[in-house]
Amino acid sequence: MPGSRFYLTTPIYYPDADLHIGHAYTTVVADAIARFHRARGREVFFLTGTDEHGQKVQRTALRAGRSPQEFVDGMVRGIQALWGRLGISYDDFIRTTEPRHIRVVQAVFQRLYEQGDIFKAQYQGWYCSPCEAFWLERQLREGKCPDCGRPVELVSEESYFFRVSKYADRLLKHIEQHPDFIQPPSRRNEMISFIKGGLEDLCVSRTTFDWGVPVPFDPGHVVYVWFDALINYISALGCLDPGPGGERFRRYWPADLHLVGKEIVRFHTVVWPIMLMAAGFELPRQVYGHGWLVLQGEKISKSRGNVIDPNVLMDRYGTDAIRYFLLREIAFGCDGTYSESALVQRLNSDLANDLGNLLYRTLTMIEKFSGGEVPEPGPEEAVDAEVRALALEAVTAAAARMEGLEVSAALGELWRLVSRCNKYIDEMAPWALARAGRRERLGRVLYVLAECLRILAVALTPFLVSTPEKMWEQLGLPGRVREQGWDAALKWGGVPFGSKVRRGPPLFPRVEFEAQAGGEGSLPEPVEAPGGAAERQGRAEEAAGGGGAESGAVLKGAGAQAGPERAASLPDRHGEAPPAGARGPGGKGGGAVAEEISIQEFARLDIRVARVRAAEPVPGAQRLLRLELDTGSGSTQVVAGIAEQYRPSELVGKQLVLLANLKPATIRGVESRGMILAAVAGQDLAVLTVDRPIPDGSRVS
């Protein structure tokens, strides 16, 4: 197990406008990681905050008729309220306008100046105010900012510069010696190429505005906002304080994890490490650049104006539904597509129909068949042992996933147990055991279900805020679930016999989604279905002595089918099965060779070798797996109809053949960017691979 202390950070957010769902994604992921490490018994320090200086804030405040300080004070109150609603368990909130931060910025700037790493010169270049970034002429796209696409302005002024180029070789050596320093590997490769392309000395002061940290030896200059902001990671710890105030820095630095969006990886893996090297501090252990949330093909960002307000979503669906969607929907490190219909589908399928249904059905049967008390179990049978083993296996696997920052996959491991428990109810039919008078067998089945729910409540504490406590209370367990620690989920038998359950309303009422004109970004009104899947199931089982029809998710939108999944083994274009007889040559149902094409037509296909980094079932789809693939230069995800032929564990690490330039599509709420190639003969299917190892991303021709 890693060390007993764990220090992680989010970026500090720019308070020029309200934060959006992309900021919430970063912060919720960081919070889940912090909560997980606390549950494992580690001493965690979790930092977030706000980056409050710069020309953009000054201009925005002026337009609002307020001073910059008044403006950011109001914005920060809103940000802290948002984090409170989302249950963000940060240990400190740093503001770059605080004296504790300004002191450290000025001290570091002074130190670097005195040792010759900061010097004065004339600067001329293109400046993007919304991004607070300088660009060279060759970096512009059609004369505009390459990040946000907005106009830039030519800036010419006397400035101080930081000798970034002096440390390039030393930084490259560090990256080579510490392969986990920049993650995922695609970001590391990008930064190595960037450094090898040549680093230019960085402008680190401005004179055309005054809303910033004054340069200590030249008050006409203010420190460039990025140089100022990056220092928050050490100023919040009391860096450079020789007394007791600096104990926190000595205790927690270097940071274990800087969690940032991929658009600011360059600042965090090039500029920030070189600042630390020059100032004589250790480098952080890891910087992880995660992917973007994408809305209608574009990154969600304030600069683009296509923002989704998480407060509105929480008003509609609740905090835990939003947290679960953000943590589960996106393979960490990859880009993910946001849509409200996908959010509702996750809520209905995973939370209402699966988890909520499991708790409601179990407690209903304990009340009906055991007087509301968890029964003493009878002898264990093979199927009970299998469920017990799966429970402990799922929790162990989820922990391993979290240690590797595979947050979505960690929840997938836990949902294996949720799915198995729902199936266990159908297999064991407790209502039939009650009618047959098999009290000992019934007791064992009900106890297995109650114990699995206890384990799930503990294991879900890093991810959800109120749901685990509700589960704990309804199971009639003493104390609070957050007091238990992760190890409590690794031990079987924690539910005392005779515990009095307290069934409450369904955890997640099912929601019917009514789309309105305006697309996904228009936040159409959801309509709550009468009752929920769990409540309907409970009523049906009570009416039939515990039996009743199986509850299932209602699927709408891309990827949903009106009837049962069609029988063809190999999906065509992202999960849509081909019509009968449309399979290619060979084997049963082969048929004639397709129409000839030219070599030029074939050349349009970008076929590559890709390695499976992670694989998991797509909820609600019997034949579909979601694969996370390493393409050598990055990551992508694909939905493939191969679940009937391959278990996810069989695919991880395997090199497959990927059609990489297939137009993206969304299947069952999961974005698929490409197609895995496979050979089909009748009902047999075999994915294509290579006969010996070859670098990921190699072209197939």
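Elements of the type helices (runs of 4 or more DSSP H) sitting completely within segment 316-405 and holding at least 3 residues that are crowded, with 21+ Cβ neighbours inside 10 Å and at pLDDT 95 or above: these cover 319-329, 357-370, 382-403. In this structure, ILE264 does not satisfy being among the β-branched types (Val, Ile, Thr) and buried (at least 23 other Cβ atoms within 10 Å of the Cβ).
Pairing residues of segment 675-701 that are within 17 Å of ILE607 (Cα to Cα) with residues that are of a type in the set (Ser, Thr, Tyr), at Cβ distances under 8 Å and at least 6 apart in sequence or on separate chains, gives VAL687/TYR646; ASP696/THR631; GLY697/THR631; GLY697/SER633. Annotation: of all residues in segment 455-474 being free of Cβ contacts under 8 Å to residues at least 60 places away in the same chain and under 19 Å from PRO375 (Cα atoms), the one that is nearest to the chain's Cα centre (by Cα) is TRP472.
Set side by side, the residues GLN622, GLN645 differ, and just one is part of a loop (DSSP other than H, G, I, E, B), out of contact with any helix residue (DSSP H, G or I) (no Cβ under 7 Å at 6 or more places or on another chain) and under 26 Å from ALA342 (Cα atoms), which is GLN622. Scanning segment 680-701 for residues that are within 15 Å of GLU644 (Cβ to Cβ) and part of a loop (DSSP other than H, G, I, E, B) yields a count of 2.
Here are LEU446, LEU442, LEU417: which of them is under 32 Å from the mean Cα position of the chain (by Cα), among the aliphatic types (A, V, I, L, M) and either not assigned by TED's automatic domain parsing to the domain that holds LEU259 or not in a helix (DSSP H, G or I) (or both)?
Details: LEU446 fails: under 32 Å from the mean Cα position of the chain (by Cα); LEU442 fails: under 32 Å from the mean Cα position of the chain (by Cα).
Going through LEU446, LEU442, LEU417 in turn, the sole match is LEU417.
For segment 17-27, the criterion of being surrounded by fewer than 21 Cβ atoms within 10 Å (Cβ to Cβ), modelled with pLDDT of 95 or more, touching a Ser or Thr at 6+ places or on another chain (Cβ under 7 Å) and in the same structural domain as PHE267 (by TED's automatic domain parsing) is met by no residue.
Against the condition assigned to a strand (DSSP E or B), hydrophobic (A, V, I, L, M, F, W, C) and assigned by TED's automatic domain parsing to the domain that holds PHE209, how does PHE45 come out, does it pass? Can you show your working first?
Details: assigned to a strand (DSSP E or B): yes; hydrophobic (A, V, I, L, M, F, W, C): yes; assigned by TED's automatic domain parsing to the domain that holds PHE209: yes.
Judged against the criteria, PHE45 is a match.
Within this structure, GLY437 passes the test of being surrounded by fewer than 23 Cβ atoms within 10 Å (Cβ to Cβ) and either β-branched (Val, Ile, Thr) or not in a helix (DSSP H, G or I) (or both). Within segment 179-205, which residues are touching a strand residue (DSSP E or B) at 6+ places or on another chain (Cβ under 7 Å) and of a type in the set (Gly, Ala, Ser)? Within segment 179-205, SER186, SER205 qualify. In segment 489-508, the residues that are farther than 15 Å from ARG444 by Cα form no Cβ pair under 6 Å with any partner that is loosely packed, with under 13 Cβ neighbours inside 10 Å, whether six or more places apart or across chains.
The values are calculated or read from the model by the stated rules, or taken from the named source; none is laboratory data. In this text, all values refer to a predicted model and were calculated from it rather than measured experimentally. Virtual Cβ from ideal backbone geometry, glycine too; neighbours counted across all protein chains shown.
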